[in-house]
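One structure below.
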Amino acid sequence: MATPHFHIPQAARDVYSASCPCRLVLDLLADKWSALALGALEAGPVRFGAIKTRLDGISPKVLTAVLRRLEKNELITRTIYPAVPLHVEYELTDLGRDACVPLGSLLSWVEDNVERFPDLP
């Protein structure tokens, strides 16, 4: 289990408050690609190319930035295997697996309800 980097008393946590760090976590998880990237890693360690294939429409540059941001925030790990050619795998951490539970529910809800949104492009 990751050690907390700082402590915020439960009573002080309010995602609706502009000064609450919870907003930063929500921003991290709710951006265009992060939830999908985490979902692509649920089955186990995956290489960059397989993630890119799964996330149809993402550019390599954007995927690299998303994976770095998730790694920096300890949601995923990046393991480099010294082989020729270089072999890199990404895997969920315990924190990342925990995040996949509510995100997976949200993704399922979206798939079940997409037709109910009248103004999608």
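Below, the figures for the structure above:
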{"item": "Helices (runs of 4 or more DSSP H) contained entirely in region 1-104, each with at least 3 residues that are modelled with pLDDT of 95 or more, out of contact with any helix residue (DSSP H, G or I) (no Cβ under 8 Å at 6 or more places or on another chain) and surrounded by 12 or more Cβ atoms within 10 Å (Cβ to Cβ)", "result": "60-72"}
{"item": "Tally, over region 70-121, of residues that are of a type outside the set (S, T, N, Q), more than 18 Å from Arg54 (Cβ to Cβ) and in contact with a Ser or Thr (Cβ under 8 Å, 6 or more places away or on another chain)", "result": "1"}
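The values are calculated or read from the model by the stated rules, or taken from the named source; none is laboratory data. Since this is a predicted model, take the numbers as computed values, not measurements. Ideal geometry is used to build each Cβ from the backbone, glycine not excepted, and the neighbour counts take in all protein chains shown.
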